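To start, the structure under review is shown below, and the notes come after it.
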Amino acid sequence: MANKDYYKTLEVDKNATKSDVKKAFKKKAMKYHPDRAPEDKKVEYEEKFKEINEAASVLGDDKKRQQYDQFGSASFNSAGGAPGGHQGFDFSDIMSQFRSGSFGDFDDIFDSLFGGNGGSRRNARARRGNNLAYEIEISLEEASTGIKKTLDLNKLENCSDCQGKGATEFKSCHHCNGSGYVRKTQRTPFGLFQQTAPCPYCHGKGELPQDSCDGCNGEGLVRKRKKIEVKIPGGVENGMKLRVPNEGEAGMNSGPNGDLYVIVYVKEHKYFERSSQDLKITVPISFTTATLGGEIEVPTITGKAKLKIPSGTQSETVFKMRDKGLPFLRFSGTGDQLVKVRIEVPKKLTKKQKELIEKLGEKEPSKSFFKKVFG
Ligand SMILES: [Zn+2]
Ligand SMILES: [Zn+2]
């Protein structure tokens, strides 16, 4: 028997992946589906359709494809003689399937070829889209006030050519007369039961696709870039997940969209340290201000504020500035800013300054400290 070139039949490369094979098969089979054959080409289309099915059933199956690559198509046709004992193909089942139905049954035929166990039926049911995660880094300033950010997403969206249906032309399902439901009689030990179930051919939709959308290869979904704006609330915590409903990937077969989770990371600040909604900062003050007291200006996360330093302030003293921290997320109010002052010892002095400092140093505290320690 002549060796058939299955790769040529499907017009795919020798290195084509399984999904390439599936795509090629779907495209070809759609084209040569006997239902679409012109009156004078019925036989030709049927032959072609058989060839396509045969090629796909081999190239779509890893084991068979390996066998084919090694031994050629003849190894399948001689019943019993093939390595692995493969039988010839029997297409009578497939042919009767598509004769009795139309394109709606097509996915089932497709699946039986690729050894799917009703996968397309499952897939044809509405399925919720995937959730997406998007990480974003913001500054502490932005975290304090809240900010709007534009996210550039690359996600599965409903195909605009077919509105996510995978096909542009539909016909009323003749299995259920367009109702989407079929009556089933079930035999049980208690007698016969009549049951209404969703039509397995149209999956309860009442209509069957008549073509495969070019825009999405019949998948109904396409990957698209989409910009969306999200509002990050003031006071957002580091690592917080913000849920944006319905902005995940589109659902399959009119299923609902998934959600988008924006994970917010707050960058560390060079000067401010965050502790929940409080902020801490260390501010240098002069020896004079520490000694005599005074008012200083300290930075806050949104600008600046005045802080009173009482006379006799020691280095490392912490002052609390109310409501200068970050806003609380779950209730009203704002955290505080804690200011630690550090007395800066001057490194260079004029002669006059030196004299004045020396006068202060006449009372050396370390001398009385000895007394404290040794009693
Ligand atoms: Zn489409
Ligand atoms: Zn139906």
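The values are calculated or read from the model by the stated rules, or taken from the named source; none is laboratory data. Since the model is a prediction, treat every value here as computed from it, not as a measurement. Note: ideal-geometry Cβ built from the backbone for every residue, glycine included; neighbour counts use all protein chains shown. Each accessible area value is taken on the protein alone, full model and side chains, heavy atoms only, with ligands, DNA and RNA left out. Shrake-Rupley method; radii C 1.70, N 1.55, O 1.52, S 1.80 Å.
Looking only at strands (runs of 3 or more DSSP E) that fall completely inside the range 145-254, which ones have 3 or more residues that are β-branched (Val, Ile, Thr) and either closer than 23 Å to ASN131 by Cα or within 16 Å of ligand 2 (Cβ to nearest atom) (or both)? Talk me through it step by step, then tell me what you get.
Working: elements: 147-158, 170-172, 181-188, 191-198, 207-209, 221-232, 240-244.
The qualifying strands (runs of 3 or more DSSP E) are 221-232.
Only residues that are assigned to a strand (DSSP E or B) and open to solvent by 50 Å² or more (accessible area, probe 1.4 Å): list them for the range 255-273, please.
Within the range 255-273, TYR261, TYR265, GLU273 meet the criteria.
Working carefully through the options ASN257, ASN246, find the one that is touching a residue at least 40 places away in the same chain (Cβ under 8 Å) and of a type in the set (S, T, N, Q).
Numbers: ASN246 fails: touching a residue at least 40 places away in the same chain (Cβ under 8 Å).
The conditions single out ASN257.
Which one of the conditions (1) more than 14 Å from ligand 1 (Cβ to nearest atom); (2) not assigned by TED's automatic domain parsing to the domain that holds VAL262 does GLY146 fail to meet, given that it meets all the rest?
The one condition GLY146 does not meet is (2).
Any residue in the range 305-322 that is under 11 Å from GLU295 (Cβ atoms) and open to solvent by less than 30 Å² (accessible area, probe 1.4 Å) sitting within a Cβ distance under 8 Å of a residue that is acidic (Asp, Glu) and modelled with pLDDT of 95 or more? List the pairs, counting only those 6 or more apart or interchain.
Qualifying pairs under 8 Å: ALA305/GLU297; LEU307/GLU295; LEU307/GLU297; ILE309/GLU295.
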